[in-house]
Amino acid sequence: MKRLLLFIVFCELFSLHLCFAQRPANDLPYYTVIPHYKLSVSYNTTTVLVFASAVKPIDKGDRTVIAQKQPGVDNVLKLKAARRNFLPTNLHVFTSDGRLYAFDLTYTDSIASTFNLSRLIPTGGSDSNTTVLFTNEPLNSEQMSQYINSVKSLPISHYTSRRHFKMKFQLETIGMASHLLFFRFSITNLSNLDYNIDFIRLYVRDKQKTKRSSIQEQEILPVYQDSETSVPGNSSIIHVVAVPAFTLADNKQLVVELFEKNGGRSVTLHLKNNQLFKANNL
């Protein structure tokens, strides 16, 4: 009798499991959907987005789009295509007022546009997009300024450099503080033509590409970089970029690319793990 009761209970539980397992998943309610905005990005020109509050971390669907904050301006984000005719992808931007902005990106050869998103009224009311809660707040401006001044006063400890198109791009030193790495670069213009900086892009990639394999890249987004973006002819500037601290695997390298605005004088540095290990405590 006891065995019969146990068998009946087992059958009931098994039937209940099948009932839940076969139940189709429900779609999320419409009121939970954050609207996506269509945005075109060009290779030759820069798309500029102006937000009501400071831009926090961003998330890109693909590395073929370069996204970077405007140095010295926390609420401005610049977008540019890293190559022509990239496949459609997406972008999510988080801002300090807790909002999340979602974009569907496509390529265009037309002149890029500038958008003032502080005028954007979120669907469903003024607080409908206030959904993001931040932890681990970054350094305040006073702390950041102290570290920037410290790294600029360090002696030169790295001499990795590259010359191209009469431009010299050199890593001079690396500082470390508050879970951040501070890279101090010198940018020297050896020509008579002014050099206007468009982007400084940092990403981790494989050292070598083997046959039938693709190169994996992981972009590192700066949390700070100097606001000076012009190098006059026959002169040099110091440029500091701060990123979240990281190290490299044995088969990886850090690539730093310097892009000229409306020009083709791009310069690239390749950095190794042992250079990161030499970072100075600030």
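Overview of results
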{"quantity": "Out of 218, 225, sole residue that is within 23 Å of residue 58 (Cβ to Cβ), at pLDDT below 90 and touching a His at 6+ places or on another chain (Cβ under 9 Å)", "calculated": "225"}
{"quantity": "Residue within the stretch 269-282 that is farther than 14 Å from residue 173 by Cβ and buried (at least 17 other Cβ atoms within 10 Å of the Cβ) present", "calculated": "no"}
{"quantity": "Strands (runs of 3 or more DSSP E) enclosed by the stretch 36-125 - at least 1 residues per element that are in contact with an Asp or Glu (Cβ under 6 Å, 6 or more places away or on another chain) and not assigned by TED's automatic domain parsing to the domain that holds residue 221", "calculated": "36-41, 89-95"}
{"quantity": "Residue 96, sole failed condition from (1) hydroxyl-bearing (Ser, Thr, Tyr); (2) touching a helix residue (DSSP H, G or I) at 6+ places or on another chain (Cβ under 8 Å); (3) at pLDDT below 85", "calculated": "(2)"}
{"quantity": "Subset of the stretch 236-282 (residues that are basic (Lys, Arg) and outside any strand (DSSP E or B))", "calculated": "261, 265, 272, 278"}
{"quantity": "Subset tally (residues that are polar (S, T, N, Q) and either at positive phi or surrounded by 20 or more Cβ atoms within 10 Å (Cβ to Cβ) (or both)) for the stretch 166-203", "calculated": "3"}
{"quantity": "Hits in the stretch 31-49 (condition: modelled with pLDDT of 85 or more and either of a type in the set (Val, Ile, Thr) or at positive phi (or both))", "calculated": "41, 45, 46, 47, 48"}
{"quantity": "Residues of the stretch 86-106 classified as of a type in the set (Phe, Trp, Tyr) and within 14 Å of residue 37 (Cα to Cα), total", "calculated": "2"}
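Table: residues versus (1) surrounded by 14 or more Cβ atoms within 10 Å (Cβ to Cβ); (2) more than 30 Å from residue 229 (Cα to Cα); (3) modelled with pLDDT of 80 or more.
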residue	(1), (2), (3)
9	no, yes, no
26	no, yes, no
29	no, yes, no
51	yes, no, yes
82	yes, no, yes
85	no, no, yes
92	yes, no, yes
107	yes, no, yes
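The values are calculated or read from the model by the stated rules, or taken from the named source; none is laboratory data. In this text, all values refer to a predicted model and were calculated from it rather than measured experimentally. Quick reminder, even Gly has a Cβ in these numbers, built from the backbone with ideal geometry, and neighbours come from all protein chains shown.
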